[in-house]
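What follows is calculated from the coordinates using simple rules that are stated; it is not laboratory data. All figures in this text were calculated on a predicted structure; none of them were measured in a lab. Neighbour counts are summed over all protein chains in view; Cβ atoms, including those assigned to glycine, are modelled from backbone coordinates with ideal geometry.
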Amino acid sequence: REFNNGRRATKRGSDRIQQTVMPVLRESVNSMVQEPYNYHVDVYLILGYELKQSRIQEIQTVLPPQTNLRIWNDATQYAYDIGGPEKLHTQLSEINRLLSR
């Protein structure tokens, strides 16, 4: 999700990309492409939702120009959700929490 839902001590509606993802990407990638490392960096974002082109452009603005950015939209995994005896291994479902780690 692009925006927090208010669970896990977050503020509902706060922008996860602006407040969490972009600062980490900016600092991490910049430290890798500069001396003493001079690495070539590719960034892959694996998402459980569709990221709008405008949001992709926002992310690209914080990355050094030589950085490749690849987006895998709608990458939510399917699995058997063991939510209770009635669902036990009977139905494949999108399990969004599998992408959270």
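Check which residues have an amide H placed less than 5 Å from residue 49's amide H, if you skip close sequence neighbours. Answer set, sorted by chain and number: 74, 75. Between residue 47 and residue 70, the simple spin-label model (points 7 angstrom out along Cα→Cβ) gives 1.7 nm. Taking amide H as placed 1.01 Å from N in the peptide plane, residue 43 has its amide H under 5 Å from the amide H of 68, 69, 70, each at least 5 places away in sequence or on another chain. Per-residue 3J(HN,Hα) values for the range 37-54, derived from phi via the Karplus relation 6.51 cos²θ - 1.76 cosθ + 1.60 with θ = phi - 60°, read 8, 6, 6, 8, 10, 10, 10, 10, 9, 9, 10, x, 8, 8, 8, 5, 4, 5 Hz in sequence order (x marks Gly and Pro).
Measuring nothing but how far apart in sequence close Cα pairs (under 8 Å, 6+ apart) lie, relative to its length, the range 40-80 scores a relative contact order of 62 percent.
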